[in-house]
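What follows is a single structure, written as structure tokens, with notes after it.
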Amino acid sequence: METRDDNSKPDEVFAPDYAIPPGECIKEEMEYRGWTEEDLANKLEEPLFSINQIIQGKKAIIPDVAKKLGLVFGTSTELWMNLETNWQIFCNKNSSS
């Protein structure tokens, strides 16, 4: 029989009280590689304005862009879609509180 070290109930769902904006992760990846927003826009074949809006959190990452981000950063499409989804859920929760 498995025992639990904490006081949580077995049916409680872990829900962190924070989320990371996808744009912050993109900025970190760009900085690591020494890329500018223009460099990234060219690699993704997306308009610079759109990339800037995503980084600032003013535009959501759509599946096509998530796929391209995965290719240029060596990650998965799902990583970027999950970051976006978690961010949207977090923002929605906090705006309705």
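Nothing in this text is a laboratory measurement; each read-out follows from the coordinates by a stated rule. Remember, predicted model here, so these are calculated numbers, not experimental data. A quick note on method: Cβ atoms are made from the backbone with ideal geometry, for glycine too, and the neighbour counts reach across all protein chains shown.
Things to note:
- For Ile89, Ile26, the sequence from fewest to most other C-beta atoms within 10 Å is Ile89, Ile26.
- Mean projection of the Cα convex hull over all viewing directions, computed for the range 22-95: 4.4 nm².
- Sum of side-chain charges, Trp35 neighbourhood, beta-carbon under 12 Å (Lys, Arg +1; Asp, Glu -1): -3
- Annotated for the range 22-95: lysine pairs at least 8 residues apart or interchain, Cα distance under 20 Å, count 14.
- Label-point gap, in nm, between Asp11 and Glu78 - each point 7 angstrom along Cα→Cβ: 2.8
- Cα-centred dipole magnitude for the range 11-97, charges only on beta-carbon of K, R (+1) and D, E (-1), debye, nearest 20: 220
- Label-point gap, in nm, between Glu46 and Lys59 - each point 7 angstrom along Cα→Cβ: 0.7
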